[in-house]
1. Calculated FRET efficiency, D490 and E372, Cβ-Cβ r, R0 30 Å, to nearest 0.05?
2. Could you provide, to the nearest whole Å², the per residue accessible area of the range 4-184 with probe 1.4 Å?
3. For S116 and A346, what does the FRET efficiency come to when R0 = 51 Å and r is the distance between their Cβ atoms, rounded to the nearest 0.05?
4. Debye sum, Cα scatterers, the range 230-333, no solvent: what log₁₀ I/I(0) at q = 0.12, 0.13 1/Å?
5. Output wanted: per-residue J couplings in Hz (rounded whole) for the range 326-332, from phi through Karplus 6.51 cos²θ - 1.76 cosθ + 1.60, θ = phi - 60°, x for Gly and Pro.
6. Kindly sort S76, S106 by accessible area of their heavy atoms, largest first, with the probe set to 1.4 Å.
7. Binning every alpha carbon pair distance of the range 112-261 at 5 Å from zero, what are the percents per bin?
8. When the accessible area of the range 4-184 is split by element with a 1.4 Å probe, what percent falls to carbon and sulfur?
Amino acid sequence: MQRKYLVYNFSGELDDISHLFPNERLGRIAAIIRKHAQEVDIIDRANLLDLIDFGKKYMKNLGELSFYDSNKLYESRLEKEAGNILKGGYDVIFMNLWHGSGFKFSIDLSNIIKKSNPGIKIYGVGQKVDWFKEHILKLSNNSLDGLIIGLGYNAIEGIVLNEKVNNINNLILYVNGEIRENEKTPIDVDDYPVALYDGNIYRNIEHKIPIYSITLSNQACPNRCVFCIRPENYGRLNKARKTERVIEELEQLNSNYNAAHFRIEDSTPPPNSLNELSEFILNSELHGKVKFSGFSRIDTNAPGTFSLLKEAGFVALFFGIESLDDENLIRLRKGITYEQIKHTIAEVPLSGIHTVGSFIFPIPGETKQSMENTLQRVKELKPYLSSLLVLPAGVYPHTEWGKYPAKYGIQLADDYVEKSVIYPLKYLLPFKYWPPFPFKYKIMDKEIENINFGYIAKVYQKFVDKVTNEFHMPAIPDYYFLLADFIGKDYVTTTKTIIHYMIDRDYPAIGKLFSKSII
Ligand code: SF4
C-alpha cells in the first residue's frame, strides 16, 4: 500500500543550540520509510531559516504561553502550519515531541490536523515520550494515535508495513478506550538504514548547524540510576553496533556532506566502543579530518583510552557524576565511587580532551554535610574539569523516584502527573525563575512540610554560586567544544556568544556565526 509520510519537528523556543543540529532520529525514521519505497518529507522547523521566518516576536509570545493558553498571534502560525501540512496530502505523521513550547505547539498542531482530517494517523516519537509515555496520550485528547517508545525503529517499520498495531512492539496506543503498552523489545540499530539527510527530503537542512549525531548502540543502559528513565524505555540490554558500520556511516557523512563534527549520542556507550571506534578512525581516511564529543562512563575506560581518543579527534567528554558524596552516590545507585571518579577525571585532561562533569544538586535527601562533601571534592577536581553542569533533581513518573517517592523523601503534588507533563523547562532562565515543580523533596534535614520550591531554588543557587564565583568553573556542555572547534574560537567565548544570541532570539546572528556552512 502506497502512503505518504511526514516526519515533523518543532522544538519551540531555541533554548539549546543542539536543536539546530541535524536530527539523526528523524533522519533514520525517514530512511526506514524510504527503504519500503514510500514517500516521505522531513519538516524540522529547528533551523535558522524557519526560526527567522517565525520571527522573534512569535517565538517570544510562544515561549510565554502556558500549555492551555492561546492568543491570536500564536494561533495564526499554528493554523498556517496545519494548513500547509494538510495540503501536503500526508497519510501518516511521526510527530517529534520535545518539552516546553515546542511540545505545546506540536500537540495543538496534531489536534487541528486530526479535527480537519481524522483519517491521518499521528504517532508521537522522541524524548518527551520517553519521559511521560501514556500520560502524553491521555493529554493529547485523541489527536495522537500512538506513541513510539525509545528509539522504536521496529515500531516505525511495523507501521510502515501496515502491521496490526496491537502486534507492533515498542508502541503505546489506545485500545477500546484503554491505554495499551505493547511488548518492549530491544532493537539492533544496524538492522535499520542510516539517517537520510538529503535536502530534497530533509527540508532546510542546509540551515542547520552541521554537527551530526552518531549512535554506537541501541542506547539501552544496563545500570539502574534512581532518577533515570533510560533503562525503562530503551531497555537494559545494550546492543552495540558494529564499528565497521559506524565508520561507513561517518565516511558517507564526510564525503556526502563534508561532515567533520560528530556528537556521540549514547549516554552509556558500550564498554570499549569508544576505544574501538578510535582505533578504526586511526586506520581510516577519516584520521585527522573528524572531531567528536560525547558521553563516557567513569568506570569503563582501559588504561591509555583517552590519549587514543584524543588522537582520533575527541575534543570533549561528558561524565554523569551527579554527586561526590559517598552516601549520595549509593542512594543514586550510580555504581561508581569517588576514588573511581577522581582517577578517571584526573586522567582525561592529560590527553588534551576537555572534561565536562554533570551534577544533580540538590538530590532528595541532600544534607548540609553531603553538600559540603561534594563541594570539597569539586574543589579537588577543579584542576581537571573544564566545565561543571548542575541541574536540580527532577522527578519523572517512570523512574524509581517517581514510582516510590516516599522511600526517597519525595512528595508529589496531587496533580503531579498533569503538571509534570506540561511543565515548561526553561533552560535559559535562572532556576529561581522557573515555575514551581509539582513535587518537592526533603533536603538539608528540614521536615518536608517546611520545604517549598523557593527553598530548593535557594539551596541550588548557593551551590551554583560557590562553583561559579568561588571556584570559577564555567558550565559548558560537551558539544560547545565541537562548536568552538567548528568556528575556530575558544570555547568560553563561543559559549557566551551563542547563549547571548539565544537569549536575544537573534537567529540571524547565529546564522552568521556559523556562516561558513549555513546559507
Ligand atoms: S543515568 Fe546514565 S548510567 Fe544511569 S541509568 Fe541513566 S543512562 Fe544509565
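1. On the way: r = 33 Å, r/R0 = 1.10.
The calculated FRET efficiency here is 0.35.
2. Values: 6400 Å² over 181 residues.
Per residue, the range 4-184 has 35 Å² of solvent-accessible surface.
3. Calculated transfer efficiency: 0.30.
4. -0.46, -0.53
5. Using θ = phi - 60°, the values come out as 4, 5, 4, 4, 5, 5, 7 Hz.
6. From most exposed to least exposed: S76, S106.
7. 2, 8, 15, 17, 18, 16, 13, 7, 3, 0
8. The nonpolar share, carbon plus sulfur, comes to 46 percent.
The values are calculated or read from the model by the stated rules, or taken from the named source; none is laboratory data. Since this is a predicted model, take the numbers as computed values, not measurements. With ideal geometry, Cβ positions are generated from the backbone for all residues, glycine too; neighbour counts draw on all protein chains shown. The accessibility values were calculated without ligands, DNA or RNA, using every heavy atom of the protein model including side chains. Shrake-Rupley method; radii C 1.70, N 1.55, O 1.52, S 1.80 Å.
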